[in-house]
Amino acid sequence: MKKLWGGRFKKKIDAGFERFSASFALDRRLLAYDLEIDAAHVKALQKCGVLSAAETSKLLGAIKELADKHQKGRLILNAGAEDVHSAIQEALKAKVGDLADKLHTARSRNDLVSQSARLYCRAEGLKIIEAVRKLQLEIIRQAESSQDVLLPGMTHLQNAQVVSQAHIFLAYAEMLERAQLNLRTAQTLFDVCVLGCGALAGVAYDLDQKMIARDLGLSRITDNSYDVSGDRDFVLSLLSAITLLGLELSRIAEDLLIGQTRGGAVVELDEAFCTGSSMMPQKKNADFLELARGMAGVFAANLNGLLMVLKGLASSYNRDLQWDKKFLFDSVERSQALLDIFTRAFRTLRVNRDRAKALLKDESVYATDLADYLTKKGVSFHEAHRQVGEIVSFGEANAVALSKIGLDILKRFAPKAEGDVYDLFDALHSVQMKKTQGSTNPNEVKKQIKKWKERLEV
Ligand code: ARG
């Protein structure tokens, strides 16, 4: 195919270099957006007198034909094209002849690719936001049905205090909400019309940028064409939002994985998301969770890859920028797939109540409650902490649970302890004692679930 830039060249491009520089295999994902831009651009070219009404309708018709065919998955473009823009140009030429050559008036591939990638980021970013909402909804559904499941919450991977499983699920919803917020923030950088920037200096035509922006549903027009030419911060912002999302998902995956270690899990992953071992017949490995956990590394690598490409790059366009697609498409497609599977995995999670009960045999989780009890009887918290520490140590040394230590011995360490102290060694009592907003108190958890359902179901 003839290049969009061939005029001044006497030699044919080196075949190896031609393959090396081609981006069509990747950037064909921009096809629908490029066609949308082409249609808006054609209308603007008519308005500024470059195209006649007849030419305009002929070109618009051809663009629509391509778009329709593409939507039906039936558009086949020249796989050997340099990039998606050249491939479209070639396809249009086959339909309308030399008229297609007028399309590239008043624009460059620099502003074109920047606009196209922004539209892609906008559409795919919104899909990711919606996918996060769907996952949050599944998480909240699980929270709703596990409000009465109490278990030891952990810090430092060790049993710490009693919480409800619902409270932990609610934490996941909060984590994802922050990731979602970042995804929304990124949207502002996509919402800019950059057509009319040309290669770097703007174009010498009365291109109605307001009209183009309106056609493309963009609310702002850029104030600097030189900046646009080399700006990929909008891609960075999406990649960084996806990285945070991946990080949150990896932490949730790790929580579930820890559960699967020896002795069985409170939150059980459905078998459909596990695989076996080729050697050990007994194995059922929670591979999905490990792949999900590892994927945070892939997202971070893509973000880092683009950071490396952009670092120290002179302002305005440099061909290095073409590598942005590799990172962008990879993170977008993988994050969408990941969210999709995560949502189904959450829908099919099973909460094992017996396992939760068994974990509560560790009564060390009531130590803080005991210290609070003594404090309410007038002991300073510092002193109560010390007294309970001694009781815990006594229990450990004698292999006896806190609730099985007699009152006489308890009183030796904590003189203010009375008969009612034994009420403390009860998981429900423990969570009910919590009073603060966002705590694991069942009423608070219920309130939070209601909040989330209202927020997510609209
Ligand atoms: N494929 C290129 C990219 O993604 C399009 C812009 C080409 N511009 C140029 N001056 N060679 O950046």
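The values are calculated or read from the model by the stated rules, or taken from the named source; none is laboratory data. None of the values given here were measured: they were computed from a predicted structure. Because the Cβ atoms are built from the backbone with ideal geometry, glycine has one as well, and the counts that use them run over all protein chains shown. Side chains included, ligands, DNA and RNA excluded: accessible areas come from the protein's heavy atoms. Shrake-Rupley method; radii C 1.70, N 1.55, O 1.52, S 1.80 Å.
Values for this structure:
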item	result
In region 424-442, the residues that are open to solvent by 40 Å² or more (accessible area, probe 1.4 Å) and within 20 Å of F381 (Cβ to Cβ)	H429, M433, K434, K435, T436
Test: residue in region 121-137 that is open to solvent by 10 Å² or more (accessible area, probe 1.4 Å) and either under 16 Å from V445 (Cα atoms) or within 16 Å of the ligand (Cβ to nearest atom) (or both)	yes
Residue that is within 16 Å of the ligand (Cβ to nearest atom) and at pLDDT 95 or above, where the choices are L349, L328, L338, L407	L328
All positions within region 299-328 that are within 20 Å of L247 (Cβ to Cβ) and either of a type in the set (S, T, N, Q) or buried (at least 19 other Cβ atoms within 10 Å of the Cβ) (or both)	F299, A300, N302, L303, N304, L306, F327, L328
Residue tally, condition assigned to a helix (DSSP H, G or I) and open to solvent by less than 40 Å² (accessible area, probe 1.4 Å), over region 169-195	13
Selection within region 377-408 - touching a residue at least 12 places away in the same chain (Cβ under 8 Å), farther than 10 Å from S364 by Cα and not in a helix (DSSP H, G or I)	K377, G378, V379, I405
Hits in region 170-228 (condition: over 16 Å from L119 (Cα atoms), in contact with a helix residue (DSSP H, G or I) (Cβ under 6 Å, 6 or more places away or on another chain) and among the hydroxyl-bearing types (S, T, Y))	Y172
Pairs with Cβ under 7 Å, 6+ apart, first in region 278-303 and closer than 30 Å to L321 by Cβ, second of a type in the set (K, R)	M295/R334; V298/R334
Flag if N224 is in contact with a Cys (Cβ under 8 Å, 6 or more places away or on another chain), farther than 19 Å from V132 by Cβ and surrounded by fewer than 17 Cβ atoms within 10 Å (Cβ to Cβ)	no
Any hit, region 91-100, residues being outside any helix (DSSP H, G or I), more than 14 Å from the ligand (Cβ to nearest atom) and surrounded by 14 or more Cβ atoms within 10 Å (Cβ to Cβ)	no
Residue check, D111 more than 11 Å from the ligand (Cβ to nearest atom) and either out of contact with any Cys (no Cβ under 7 Å at 6 or more places or on another chain) or assigned to a helix (DSSP H, G or I) (or both)	no
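For every residue, the table says whether it meets (1) touching a residue at least 60 places away in the same chain (Cβ under 8 Å); (2) within 30 Å of L66 (Cα to Cα).
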residue	(1), (2)
R107	yes, yes
S114	yes, yes
L137	yes, no
Q161	yes, no
Q165	yes, no
A171	no, no
L181	no, no
L189	yes, yes
